[in-house]
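The values are calculated or read from the model by the stated rules, or taken from the named source; none is laboratory data. This is a predicted model, so every value here is computed, not measured. Every residue, glycine as well, gets a Cβ built from its backbone with ideal geometry; the counts of neighbours run over all protein chains shown. For the accessible areas, the whole protein counts, side chains as well, though only heavy atoms, and no ligand, DNA or RNA atoms are used. Shrake-Rupley method; radii C 1.70, N 1.55, O 1.52, S 1.80 Å.
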Amino acid sequence: MARQRSSGGCLRYLHPSYYLKRPIRLAFAVILFVLCTLAIWDRQTLIQEHEKEILELTNSNDELLQKLEDIKKLLGEKGVDAGVLEFSHHRRMQGTEFNDKDAVTRERRDKVKAAMVHAWSSYEKYAWGMDELLPQSRRGSNEFGGLGATIVDSLDTLYIMGLDAEFQKAKQWVAANMTFDKYYDASVFETTIRVLGGLLSAYDLSQDSMFLNKAKDLADRLLPAWNTPTGIPFTTINLQTGHAHNSGWTGGSSVLADLGTEQVELIGLSQRTRNPLYMEKAENVIKKLKEVFPADGLLPMFISPHSGKPTTSKVTFGAMGDSFFEYLLKVWILGNKTEAVNLYWEMWQQSMEGLQTLTKKSSPSGFLYIAERSSSLIDKMDELACFAPGMLALGSMNAPSEKAPVYLNLAKELVKTCYNFYARSPTKLAGENYLFRQGQDMVVGTSWNIQRPETVESLMYLWRATGDNIYRDWGWNIFQAFEKQGRIDSGYVGLRDVNTGVKDDKMQSFFLAETLKYLYLLFSPSDLIPLNEWVFNTEAHPIRIISRPGPGLEGLKDNDHVNKDQVIPSHFRGTGSWLRNVKHSSLDHLH
């Protein structure tokens, strides 16, 4: 009779002794165990990765849904395509989609933005609605007729930095409180570059027609200044009465940097309103100047509004001359470099040949500087003239191949000099102007610093032209000096003396409009305010480029400025203004 297997027969395979007596089976069991373990581990890993992918897709889906809701809000009564394009444009313009991977640069940009928040919040707290903040006195002042200079100067900076709540508050003030019906003798130049330029830029960025309507109202009040025998404008006009005149200290003459620095704004306004009058007034000035334009392109700084001829021999790229040369280049770029604006390009190239005749090198270090000229060369250079390296870099990006390296190399040498205005100062902030003496290189002349932007502006241009991070490093050093020397609890101030560090009591509106904006752009990717779509006025307000197909407005369609097909090459630069120097001209003589 066969023996029946016991019920525990299969369990012997689970007993260790079974395998100890059979080493081959032991090895097989070990291998089987390892393979099973690996299979289970691999499966778990796949599950975890799958869960992670699902989570990421879920988050992405949530973000897309949120964007869709934002787009719906933006659409209103617009078509879908228009709304999507506006949303995408808004995010790109505000720098919310930066692709730069440099953590140091991002940190620097964030600190510049924080500086803007501090400056703006201090102005809000102590000087809201007034032209400028006096930080140490903790009150406001109205040197520009109470037009809210800091507000309108800051609009595009707030927009570009993505400070939406602040921008909306500023916009509401402009809509409700900005009025030009004031018995106030306004500087045509300052009012044009700050207020008119700021309104046009806010319109181009936001597409809010309120800004354009305000700009037109202001320009209409400025136009009587051009009612002279030659069409060369007076420098001052009463916004309420329209009475215009020139100051006595100019001998009745108009100032070159004044009469030649309205073209970007007035041409831009004509393009957007379809009214050619503003452009005609501005361009007539250039045509008149062309009649007396010297072979070297260096017009003196005073021009008679009655004869159209120079009334002095003094030539400068500093105060009272600077932005005329800048606008020759920028109007050409603003018009998309078409045949209609070739006159500006030709005049600018002439002027750059002349500029090179003014350059000299210091002793012993060989710093290249731009001298002034009267009957002979004067070894003096304003910090205001530090716009020139940026202008030359901009020119190099648009010039033919034989000229481009000449302009760029000149820009590199000059910006090194301008940076050393800061680096060689005890406070690391530049004085107002410098004298060049044999064996001493540069010596500060007028010693105040009023938060000017020209050097950091040029650094931004040089960085965009070359990609060399040395320009970012130099800009960061200057920003740190502004933080150390100028920041106080209630805003930012300038210095009465860059040698001692004694502070003044003003936060200039252009500190927010220009200095901080240029620094922010210096530490931002180049596609934030791309230089092939925008040109900056001399107060750093970006204006969208529109082609000029002919001498007038022919060929331009309504709202062409928002048509990407019409938007091609640009660039920028914002110099300081001559009137800022004029305010201190009597003090200059004391020095």
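Phi angles of region 188-205 translate, via the Karplus equation with coefficients 6.51, -1.76, 1.60 and θ = phi - 60°, into HN-Hα couplings of 4, 5, 4, 5, 5, 6, 7, 7, 4, x, x, 5, 4, 5, 4, 5, 4, 6 Hz per residue; Gly and Pro are given as x. 3J(HN,Hα) along region 143-160: 8, 10, x, x, 8, x, 4, 5, 5, 6, 5, 8, 3, 6, 4, 4, 5, 5 Hz, from the Karplus curve 6.51 cos²θ - 1.76 cosθ + 1.60 with θ = phi - 60°, whole Hz, x for Gly and Pro.
Checked against a 18 Å cut-off, the cross-linked pairs K125/K169; K360/K412; K281/K314; K337/K412; K428/K484; K182/K506 give Cα-Cα distances beyond that limit for K281/K314; K337/K412; K182/K506.
Charged side chains reduced to their Cβ positions (Lys and Arg at +1, Asp and Glu at -1) give region 208-328 a dipole of some 240 debye around its Cα centre.
The accessible area of V456, taken with all protein chains in place and a 1.4 Å probe, comes to roughly 0 Å². Of the residues C418, C36, ranked by 1.4 Å probe accessible area with the largest first, the sequence reads C36, C418.
Protein-only accessible surface at a 1.4 angstrom probe places the residues V498, V117 in the order V117, V498, largest first.
For the peptides 209-215, 172-178, 458-464, the ranking by packing is 458-464, 209-215, 172-178, with the highest mean count of neighbouring Cβ atoms within 10 Å listed first.
Remark: the Cα gyration tensor places region 223-354 in the oblate category, a/c being 1.5 or greater and a/b not exceeding b/c. Prolate is the label for region 276-327, because a/c, from the alpha-carbon gyration tensor with a ≥ b ≥ c as root eigenvalues, is 1.5 or above and a/b exceeds b/c.
Taking amide H positions as modeled 1.01 Å from N, with prolines and chain starts lacking one, the residues under 5 Å from A186 and 5 or more places away or on another chain are I237, N238, L239. Could you tell me the distance between the Cα centroids of region 281-354 and region 141-202, to the nearest Å? Answer, in whole Å: 28. Taking θ as phi - 60° and the Karplus parameters 6.51, -1.76 and 1.60, the scalar couplings of region 470-478 work out to 4, 6, 5, 5, 4, x, 5, 4, 5 Hz in sequence order, x denoting glycine and proline.
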